[in-house]
Amino acid sequence: MERVTDVPESFARSADRPRVNDYDSFAEAYSVENDNSLVNAYYERPAMLALAGDVAGRRILDAGCGSGPLSAALRDRGAVVTGIDASAGMLALARRRLGDDVDLHVVDLKDRLPFADGAFDDVVASLVLHYLEDWGPTLAELRRVLGPGGRLIASVDHPFVAYTFEDPRPDYFATTSYTFDWTFNGQSVPMRFWRRPLHALTDAFTTAGFRLSAISEPQPDPAARELFPDGFQDLSTKTNFLFFVVEVPPSADDSHE
């Protein structure tokens, strides 16, 4: 397990062929966008915080924390936060934002998590699970590090939106990948996400031992109406992300794998 302590001066990679989902190569630009955009700052993040509710004193794992904006908001609400991400570049930015009072570790969600069973009261997974082809091992690990009654609060691309991302449209009921390019400051970055139907999402949670508590399709923060008048109308009338709250049953056997 690698703990992030220093912020490198540059995250620019060499002239190697661009890798898919290589956040290290555009960490700074993505962080600026994420901090201020309509979709992230006025829709996804407020929705996650609303679903989390009162977090004072709760031990929370921010799984896929990126540069740390959600971790910062949870910490400011009194949570004891630990952040993990596969990108060292993004975590270095998180360290710059959060200082030394939040534990940050380079961890790939495809691997076993370096935490004890029941180490956390909540896990937040903000727009990260749709990067994974197979949710099974990751959800099993998130379930393991949560104590009885613990919650996983997750946001993902809405399956109906992901389904429309190609023409001709793919089989809605199949788990398939889709690729596209993000552009930040003139830099084109190749990305790959995985889409799956709604029933596959809920089945994955229950198979991992979670109990479904809530499914949410929230509205954006009303403050965005004046800041982003055109985008607000679009975001408030169309599907975008889907949010889940799933729980570890209080009577669950702690030895669940």
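The values are calculated or read from the model by the stated rules, or taken from the named source; none is laboratory data. Just so you know, these numbers come straight off a predicted model, no measurement behind them. In this analysis, Cβ positions are derived from the backbone assuming ideal geometry, glycine residues included, and neighbour counts consider all displayed protein chains.
One table, with the values for the structure above:
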{"read-out": "Flag if Val107 is of a type in the set (A, V, I, L, M) and at pLDDT 95 or above", "value": "yes"}
{"read-out": "Failed criterion for Ala72 (all others in (1) touching a residue at least 40 places away in the same chain (Cβ under 8 Å); (2) within 16 Å of the chain's Cα centre (by Cα); (3) part of a helix (DSSP H, G or I); (4) more than 20 Å from Val145 (Cα to Cα) hold)", "value": "(1)"}
{"read-out": "Test: residue in segment 166-185 that is of a type outside the set (A, V, I, L, M, F, W, C), over 20 Å from His130 (Cα atoms), surrounded by fewer than 17 Cβ atoms within 10 Å (Cβ to Cβ) and touching a helix residue (DSSP H, G or I) at 6+ places or on another chain (Cβ under 8 Å)", "value": "yes"}
{"read-out": "Residue check, Leu91 crowded, with 22+ Cβ neighbours inside 10 Å, part of a helix (DSSP H, G or I) and not charged (D, E, K, R)", "value": "yes"}
{"read-out": "Residues that are surrounded by fewer than 15 Cβ atoms within 10 Å (Cβ to Cβ) and either part of a helix (DSSP H, G or I) or modelled with pLDDT under 95 (or both), drawn from segment 202-222", "value": "Asp203, Thr206, Thr207"}
{"read-out": "Counted residues, segment 71-90 - those being farther than 14 Å from Val32 by Cα and either modelled with pLDDT under 95 or of a type in the set (A, V, I, L, M, F, W, C) (or both)", "value": "9"}
{"read-out": "Test set (1) closer than 23 Å to Asn21 by Cβ; (2) of a type outside the set (A, V, I, L, M); (3) outside any loop (DSSP other than H, G, I, E, B) - Gly150 fails condition number", "value": "(1)"}
{"read-out": "Residue count for segment 180-201, restricted to those that are modelled with pLDDT under 90 and outside any strand (DSSP E or B)", "value": "2"}
{"read-out": "The lone exception for Asp122 - which of (1) surrounded by fewer than 18 Cβ atoms within 10 Å (Cβ to Cβ); (2) in contact with a helix residue (DSSP H, G or I) (Cβ under 8 Å, 6 or more places away or on another chain) it fails", "value": "(1)"}
{"read-out": "Selected residue (criterion: farthest from Val245 (Cα to Cα)) from residues of segment 128-138 that are more than 13 Å from the chain's Cα centre (by Cα) and either part of a helix (DSSP H, G or I) or modelled with pLDDT under 95 (or both)", "value": "Pro137"}
